[in-house]
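Beneath this line is the structure, given in C-alpha cells, with notes to follow.
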Amino acid sequence: MSPLTRRQLLALGAAGAGATVVGGTGLWWTTTGGPGYTGGKNLIEPQVLASRDRVLELDLTAAPTRIEVGGREASVQAFNGSLPGPTLRVAPGDTIRVAMTNGLEAPTNLHVHGLHVSPEGNGDNPFVSIAPGESFDYEFVLPADHPPGTYWYHPHRHGHVADQVAAGLYGAIIVEDPEPVPVTRERVMVVSDLTLDASGNLAEADRMQQMMGREGEVVLVNGQVRPQLTAAPGERERWRIVNACPSRYLRLQLDGQQVRLLSRDLGRLPVPEEITEAVIAPGNRIELLVDTAEGSSALVAAPVNRGGMDAMMGEGMMGGTMMGDNEPGNDGPIELLALEVSGDPVETPAPVPEGPALRDLREEPITARHTLDFAMGMAGGMGGDGAMMGGEEDTTMMAFTINGQEFDPDRVDTLVAAGTVEEWTLVNSSPMDHPVHLHVWPMQVVQDGDRDVPEPRWQDVVNVPAFGEVKVLIAFEDFPGKTVYHCHILDHEDQGMMGTVEAR
Ligand code: C2O
Ligand code: CU
Ligand code: CU
C-alpha cells in the first residue's frame, strides 16, 4: 500500500464531482430536513425491557420492516420491528440473555457497545457470524461494579456493519445508577440517519460515500423526524443521547436552556459540567441534564468538519476546494427536535449529589506501550496515470488500514497481558478524522494532540483528528480474551480499519 499521491487525490476529486452529477439533486452529500419528510410529532421512546431478579431475557430478531419515517413509507431493517429496537434496562451485576435471530438476507451478529463484559464464547464476541435464518444465544454478564450509563447494541458482522446500522439496526442499553440522580423525567434519544429513494427503499452507498463515510439525507431521533417535547419550567430532565449514525458527527446545541453534561460514554462525571455544546462521534453517547426554562428551544446538530480530501490537498488549488460541498460535515445546522417549555413552574428536584471520583490510571504502573496508526492509502486498482475512475465500480481504490494492515480475524494484532495497564498512542496519518473504538475495556484519554487532559476523562470512542494523535491508558482487567478495536465510521471499519487485541 502506498500513501495517496497528489495526482491520485485529484482523481478522487473527480469522482466526487461525477457523483454530484449522478446524484441528480445537485446535493450529492446530504441535506438537512430531507426531501419530502414531515416532522413535528411528539417524541416516542422505544419500548423498555427491564431486568427482573437480576436477569433480562429477550428475543431479538433482525429483519426487514416496512414502517413510516417522517410521513414516508420506508423499507428498513429493524430489531423486533421497531426503529430503534427496544431499550434494555439493567443494573450492575445483572445478566442479559438474548436469543438473536437473523431474519436478514446477509449474515449478522450482535454487539453490546461499551459494556464491560467478556468477549469470549457467547459473550460480546465480534467473531460470531449468524447466517440468514439462523439463531444464536448470547449471554452478557455485567460485573457488580459495572459503570452506570447509556450504552447501545448493534450488529457487528465485518463487511455488513455500516449497511445494517444505516438500515435501522440499533437500540439503547441503560445501566442504572447505584445512587439515583434526582430528575423529573428521563428520556432516551437514539440519533440516526438514513437515505431513502423515491420508493422508500434504503439507498445504497456508492464507493465515494463508503470512502468518506456515508451520511444519511435525514437525521432521526428515535426513528422520527424533528419530534417535539413539552415540559414545564423548573423541571430537570435527563437526556440519554446515542449517536447511532454510521458516520455522522453531531455537534449538539440546545439554546435557551441550562444544560449540564452528566456522562460521556460510561460512568458519570463527579460534578455535572455546564456546557453550551458537545461534539459526539459515531458510537459516542452523552447524558445531559436539562434544567428547563420557559420558551421554545431546539436541539440542533451543527456542522462538524471531520476532514476529507481538501484537508490533504490544501485549499485554493484549481481555484477552490477539490471536494467543495461534497466534504462531509458541510451541511447546515440540523434541527433534531423541538422543546416547548410552558405552563406553571414546577418544583425543581433536589440538587444532584456529587458522584464518586473517577479512577485515574496515571497513578498506576504502565506495563507496555503500543502505537496504532490509522491510515488511508491507495491499494492497487489505480494505475500511475490516475485512471482509476475509468471503471465505475473500482472497489480496490482505497485501503483503510491500522499499522499498514487490513482486518484479519485470524491474526492477533495486539497482544496484552491480562490485568495490566497499557498506554496506547492512536495516530491518524490520514486527512479525515477517525473515531477510534475499543471493545470491552474503556479508554482514559490522557493526551489529545499537544494538550494534556488534566481530569480523568473516560470514553470508549475517542476521536483522533486528521493528522492528529491521542494517547490513552487502558486497564485490561476482568476479562481475558480476543476482541477488536476499529474506526467507528462504520464504512471504514467494513473496509478494513479494524484490528484485533487479545488479553492473555
Ligand atoms: Cu459500536 Cu465495535 O462497535
Ligand atoms: Cu463497540
Ligand atoms: Cu475512519
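Bear in mind these aren't lab numbers, they're just calculated from the coordinates by the rules spelled out. Since the structure is predicted, the reported quantities are computational estimates derived from the model, not experimental observations. Cβ sites come from the backbone with ideal geometry, for glycine too, and all protein chains shown count toward neighbours.
So if each residue of separation counts as 0.36 nm, and I subtract the Cα-Cα distance between PHE127 and ASP255, what length gain in nm does that give?
Details: separation 128, 0.36 × 128 = 46.08 nm, distance 4.32 nm.
Using 0.36 nm per residue and subtracting the Cα-Cα distance, I get 41.8 nm.
Quote the FRET efficiency, to the nearest 0.05, computed for ARG54 versus ALA198 with a Förster distance R0 of 30 Å and r equal to the Cβ-Cβ distance. If you can, show how the numbers build up before the last one.
Values: r = 49 Å, r/R0 = 1.64.
In this case the efficiency is close to 0.05.
Shape of the stretch 37-100 from its Cα gyration tensor (a ≥ b ≥ c, root eigenvalues): rounded if a/c is under 1.5, otherwise prolate when a/b > b/c, or oblate? Judged from the Cα gyration tensor, the stretch 37-100 comes out oblate (a/c at least 1.5, b/c at or above a/b).
For a label point 7 angstrom out from the Cα of ALA232 toward its Cβ, which stretches of the stretch 343-379 have the backbone nitrogen within less than 14 Å? Only 343-349 fall inside the zone, counting backbone N under 14 Å. Placing a pseudo-label 7 Å from each Cα along the Cα-to-Cβ vector at HIS370 and GLU354 gives an inter-label distance of 3.7 nm.
Summarising the strand pairing of the stretch 37-157, around 65 percent of its internal DSSP beta bridges are antiparallel. Looking at the stretch 125-262 only, what percent of DSSP beta bridges run antiparallel? Nearest 5 please. Antiparallel: roughly 65 percent of the beta bridges in the stretch 125-262.
Does the stretch 411-504 classify as rounded, prolate or oblate by the C-alpha gyration tensor (a ≥ b ≥ c root eigenvalues; a/c under 1.5 gives rounded; else a/b over b/c gives prolate, otherwise oblate)? Here the stretch 411-504 falls in the oblate category. A straight chain from ALA106 to ALA417 at 0.36 nm per residue would run longer than the Cα-Cα distance by 108.4 nm.
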